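The values are calculated or read from the model by the stated rules, or taken from the named source; none is laboratory data. Source: prediction; values computed, not measured. All Cβ positions, glycine included, derive from the backbone under ideal geometry; neighbour counts span all protein chains shown. Surface areas here come from the heavy atoms of the whole protein model, side chains and all, with no ligands, DNA or RNA. Shrake-Rupley method; radii C 1.70, N 1.55, O 1.52, S 1.80 Å.
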Amino acid sequence: MVATASADSLFWKSAYEEHGRALLSFLQRRTRCLEDAEDLLQETFVQAMRSTEVLRDRSKVKSYLFTIANNLMLNKMRRSHKEIRLFENEDGTNPLEQFADSSSDTETILAQSELEGQISRILSDMPAAHRTAFELGIIQRLSYDEIVKATGWTLAQVKINVFRARKKAISSLRDDFVVMM
């Protein structure tokens with residue numbers, strides 16, 4: 001029993017050294033707050049270590065950690081009722097503003113807010129893999145190779161998940177638009 005515990009602690013120490021920096025970077029980009037990202041990183045490893053038996057294939061530890069980190073981050077945002085700024089660029093600008101006229105009237109602001117709400121709803125209805133693919137590929141604009149590295153999926157899995165997520169989002173937005181007309 002002691003030998004197993006020692007082997008597990010060495011495994012998790014190695015996993016932290018190998019993937020900790022990438023996880024922290026991922027979480028910091030998503031939360032835009034170093035302190036929150038550090039807290040989530042710690043929670044990720046605590047949760048992963050508590051459920052070691054779930055990780056059957058230790059070669060997939062990276063994707064396992066990123067999945068836990070992403071889910072913890074989303075849960076924390078939902079719990080704290082923070083506004084998820086899905087469409088905010090690194091410089092703090094909102095690409096949806098291209099749709100607004102220069103007067104920024106109330107109707108335009110409401111339309112933007114409604115669109116962001118629709119996207120949030122659509123994402124919450126997607127399977128976890130599609131939601132992750134959409135967030136990384138569409139919202140964060142990561143390349144397929146970057147998504148492969150972040151998730152541990154194969155290139156084919158990334159392409160399929162991004163395609164299906166995009167298709168679901170377009171279909172849902174189209175359905176909502178038709179209902180509004």
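Among the criteria (1) modelled with pLDDT under 75; (2) among the hydroxyl-bearing types (S, T, Y); (3) part of a helix (DSSP H, G or I); (4) open to solvent by 80 Å² or more (accessible area, probe 1.4 Å), the one S6 does not fulfil is (4). The C-beta contact set for region 162-181 (first residue among the polar types (S, T, N, Q), second residue at pLDDT 75 or above and in a helix (DSSP H, G or I), distance under 6 angstrom, 6+ apart or interchain) comprises S172/I122.
Yes/no per residue for (1) closer than 19 Å to L173 by Cβ; (2) touching a Lys or Arg at 6+ places or on another chain (Cβ under 6 Å); (3) modelled with pLDDT under 85:
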| position | (1), (2), (3) |
| --- | --- |
| K60 | no, no, yes |
| I84 | yes, no, yes |
| E97 | yes, no, yes |
| A100 | yes, no, yes |
| S103 | no, no, yes |
| T106 | no, no, yes |
| R121 | yes, no, yes |
| A129 | no, no, no |
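Any chance region 31-46 includes a residue that's part of a helix (DSSP H, G or I), at pLDDT 85 or above, open to solvent by less than 50 Å² (accessible area, probe 1.4 Å) and over 23 Å from W153 (Cβ atoms)? Checked region 31-46: at least one residue is part of a helix (DSSP H, G or I), at pLDDT 85 or above, open to solvent by less than 50 Å² (accessible area, probe 1.4 Å) and over 23 Å from W153 (Cβ atoms). Checking each residue in region 136-181 for being of a type in the set (F, W, Y) and either modelled with pLDDT under 90 or open to solvent by 80 Å² or more (accessible area, probe 1.4 Å) (or both) picks out Y144, F163, F177.
In region 136-161, what residues are in a helix (DSSP H, G or I), of a type outside the set (V, I, T) and either touching a residue at least 40 places away in the same chain (Cβ under 8 Å) or out of contact with any helix residue (DSSP H, G or I) (no Cβ under 9 Å at 6 or more places or on another chain) (or both)? Within region 136-161, K149, A150, A156 meet the criteria.
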